[in-house]
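Take a look at the structure below.
Please treat every number below as a calculation from the coordinates, not as lab data. As the structure is a prediction and not an experimental result, all values here were calculated from the model. Ideal geometry is used to build each Cβ from the backbone, glycine not excepted, and the neighbour counts take in all protein chains shown.
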Amino acid sequence: MNNLKALTKKQLFLPIFSMILVMLVNVLFDIADGNNAFDFFSVSMKGGVLYGRIVDILNRGSEVAILALGMTLVVSCSAGTDISVGSVMSLAGGVCCVIIAGFGVTSVSTAAELAHPIWMGIACGIGAAILAGIFNGFLVAYMKIQPMVATLILWSAARALALLICNNMIVYVRMDEFKVFGSFLGPIPTPILIAAVCIAVLALVLKFTALGTYIQSVGINKRSSRIAGFNSAQIILMCYTICGLFAGIAGIVNTSRIYSADTNNIGLTMEMDAILAVALGGNSLGGGKFNLAGSIIGAYTIQAITTTLLARGVSTAQAPVFKAVIIILIVVIQAPPVKAYFKRRSAAKAAAKEAV
Amino acid sequence: MKKILSVLLALTMVLALAACGGSSAPAATQAPAAPAATEAAAPAATEAAAPAEDSKIVVGFAQVGHESDWRTANTKNYQDVFSAENGYDLVFVDCDNDNAVQIEAVRTSIQQGVDYIILAPIQSAGWESVLQEAKDAGIPVIVADRQVDADPSMYDAFLGTDTSVEGKLAGDWLAEYLNGAEANILVIEGSVGSSAAIGRTNGFNAVAAEHPEWTILDSQSGDFTQTGGQEVMESFIKSYNGKFNVVVCQNDNEAYGAMDAMDAAGITYGVDGDVIIISYDATHDGLKYTLEGKINCNVECNPIQAAYVEKIIQQMEAGEEFATYTLVEDQAFVAPGIESAYATTMTQEVLDGRAY
């Protein structure tokens with residue numbers, strides 16, 4: 001009993017609880033449909049690759065999880081959000097495909113047709129995203145522009161730029177060497193591996209350097225951090241740059257999935273999912289303390305909702321409503337007044353017990 | 001460090017600006033005779049129209065823009081049919097998806113006193129006053145491609161495609177192909193609420209209702225994108241594994257995504273496979289897959305419409321009766337090896353002969 005109480009007090013308890021709750025809904029439905037109760041959770045090998053709903057959630061949730069990493073840092077240090085990440089994904093994908101295929105070409109499928117090697121396209125795509133991150137960071141850190149206003153510029157401009165670069169066309173790179181980043185590496189979907197590497201690298205950096213502490217202290221109080229000797233502006237610039245880097249990686253993954261730069265649609269509204277992931281993870285959008293694991297769980301929770309709605313065959317016209325209801329519930333459960341209410345109630349219960 | 005950074009930032013901004021500046025150029029070259037609704041350009045167009053010989057019929061054409069390959073093919077078709085050799089003087093305006101520009105373009109045509117106005121409306125609403133002006137000036141207006149929300153007495157003729165006819169065509173072909181066999185159908189719809197998605201769904205469902213041996217297992221939106229088609233198909237495969245034999249994708253991009261998802265799960269499709277794929281749009285790439293036998297049937301939305309308009313104009317000139325409501329015939333293309341009364345069998349010649 002005491003163990004359970006200690007568990008519920010952990011910061012990550014509620015985000016994990018919400019995610020499990022979303023997935024458990026499937027168990028109920030599977031039982032109602034007369035299927036195996038754990039159909040949703042079954043993972044098997046099919047055609048030499050992993051196959052199952054859980055694999056889908058991890059696979060499809062990769063982009064948002066990667067974006068949520070950068071978004072968490074940005075939210076923490078600047079108490080604002082980077083709403084340009086979706087467009088920057090599109091820019092990274094567009095630059096990547098155009099470098100590989102050459103300007104004005106709409107499709108390449110053999111090594112001989114390539115204008116530049118694939119690695120160069122990917123490097124340039126991610127490079128463009130990093131530049132976008134630096135641009136955002138510069139505006140926020142040095143020009144002291146509100147983060148949402150500063151990133152609003154690239155929110156509209158980056159996608160437009162991507163469309164221009166691609167000459168308003170969908171540029172296809174039908175090469176297995178390029179498709180691999182969005183399909184399978186051995187039996188495992190590559191996006192899962194890429195997300196795992198991103199998470200691991202950032203987690204290690206935060207664990208073994210003081211970066212995390214710096215970011216949080218800048219987020220809690222920028223001025224006092226500066227007086228304490230941190231270069232606040234530089235730290236904010238760095239966070240936005242890292243956010244740009246991750247947006248670039250997510251963009252390449254998304255582009256590789258469809259082996260083409262569909263710049264109109266890559267990363268569309270994904271910035272909202274990334275921000276939501278940070279919030280669902282129990283992080284305050286007011287900046288300061290952050291919990292990276294929470295954001296990652298939040299990202300996969302969003303995908304779990306989408307996958308559940310698809311699996312249950314909820315009509316597409318109604319799906320957004322269901323999604324909204326679930327998200328409201330998750331957010332309300334984690335709201336401070338609700339938490340305080342449950343705390344008071346359990347305290348009252350304990351007091352009543354003692355009185356008896 | 002800071003200096004290098006600022007130089008880099010300045011460079012990116014300059015590049016971005018340069019790229020933005022470049023954007024207007026292609027639009028201008030695509031519409032050489034376009035008055036573009038700016039005062040500066042309007043006199044130029046008037047001059048172009050004025051020296052037209054009396055024997056030539058002056059036709060003003062307010063086109064939507066150049067947003068897709070389909071539209072480009074549509075424009076080229078008009079320019080070919082209404083050429084000087086055929087006795088026409090076409091005053092062509094590329095409205096670049098801007099409603100205000102289009103209204104201005106039609107007004108300019110009225111002022112120039114063209115003989116006929118062809119209008120491919122960007123928006124359906126808000127045309128009453130302009131149509132009244134044309135009526136007062138005695139210039140016949142032919143509405144092409146999309147509908148306007150105005151009383152049919154306000155314009156002289158309508159001509160366009162009906163997406164529900166495309167849906168019906170796909171259904172009729174499937175009925176012929178299956179020849180009474182059972183069908184378990186999965187539908188990947190287009191964007192919720194778009195006219196193409198609604199029309200194609202209604203048309204297909206009308207045919208399905210006549211066939212008790214057909215079951216539509218599920219219908220979800222893939223947002224007209226490849227990623228959307230892929231994600232929805234992945235989920236369908238898990239929900240209806242081995243239970244479906246027909247997949248209907250409401251555009252070609254969704255079909256590519258669905259094929260990738262089936263490839264990953266080891267499901268065979270197309271002429272030699274277990275699953276029949278029906279797609280819409282009949283883009284060049286889509287027809288290539290049809291030729292390879294991967295897409296069984298591809299229904300097109302016909303952009304070749306100018307000949308119908310020319311016929312109406314000729315009949316008006318001669319004072320004959322003309323059709324006030326014309327539906328342009330849509331075609332379907334089927335993979336080699338399939339013979340159909342409803343569709344053309346794909347060959348390399350058919351693919352090479354396509355305008356887009």
If B:Val64, A:Val338, B:Val192 are placed from fewest to most neighbouring beta carbons inside 10 Å, the sequence is A:Val338, B:Val192, B:Val64
Give me, ordered by chain and number, the residues 5 or more places off B:Ala183 or on other chains with an amide H under 5 Å from its own placed amide H. B:Trp214, B:Thr215
Quote to one decimal, in nm, the extra length available between A:Asn168 and A:Ser44 on full extension: 0.36 nm per residue of separation minus the C-alpha distance between them. 40.5 nm
What lysines could a cross-link reach from B:Lys238, if we take a straight Cα to Cα line under 22 Å and drop same-chain neighbours fewer than 8 places away? A:Lys46, A:Lys323, B:Lys294
For A:Ser90, B:Ser124, order by how many other beta-carbon atoms lie within 10 Å, fewest first: B:Ser124, A:Ser90
Karplus couplings for the range A:334-346 from phi (6.51 cos²θ - 1.76 cosθ + 1.60, θ = phi - 60°), rounded to Hz, Gly and Pro as x? 8, 5, x, x, 5, 4, 4, 4, 5, 5, 4, 5, 5
With x for Gly and Pro, the residue-by-residue ³J(HN,Hα) of the range A:207-220, computed from phi through the Karplus equation 6.51 cos²θ - 1.76 cosθ + 1.60 at θ = phi - 60° and given in whole Hz, is 6, 9, 10, 8, 3, x, 5, 4, 4, 5, 5, 5, x, 6
Sequence order, the range A:313-318: Karplus ³J(HN,Hα) from phi using 6.51 cos²θ - 1.76 cosθ + 1.60, θ = phi - 60°, Hz rounded, Gly and Pro as x, gives x, 5, 5, 4, 6, 8
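Give me B:Thr75, A:Thr255, B:Thr344, A:Thr72 ranked fewest to most by other Cβ atoms within 10 Å of their Cβ, as a rough exposure proxy.
If I rank by nearby Cβ atoms, fewest first, I get B:Thr344, B:Thr75, A:Thr72, A:Thr255.
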For the protein assembly as shown (alpha-carbon point model, no solvent) the Debye-based log₁₀ I(q)/I(0) at q = 0.06 Å⁻¹ works out to -0.43
Given the -39500 (n - 2.57) contribution per DSSP H run of 4+ residues, what per-residue ellipticity at 222 nm results for chain A, rounded to the nearest 500 deg cm²/dmol? -22500 deg cm²/dmol
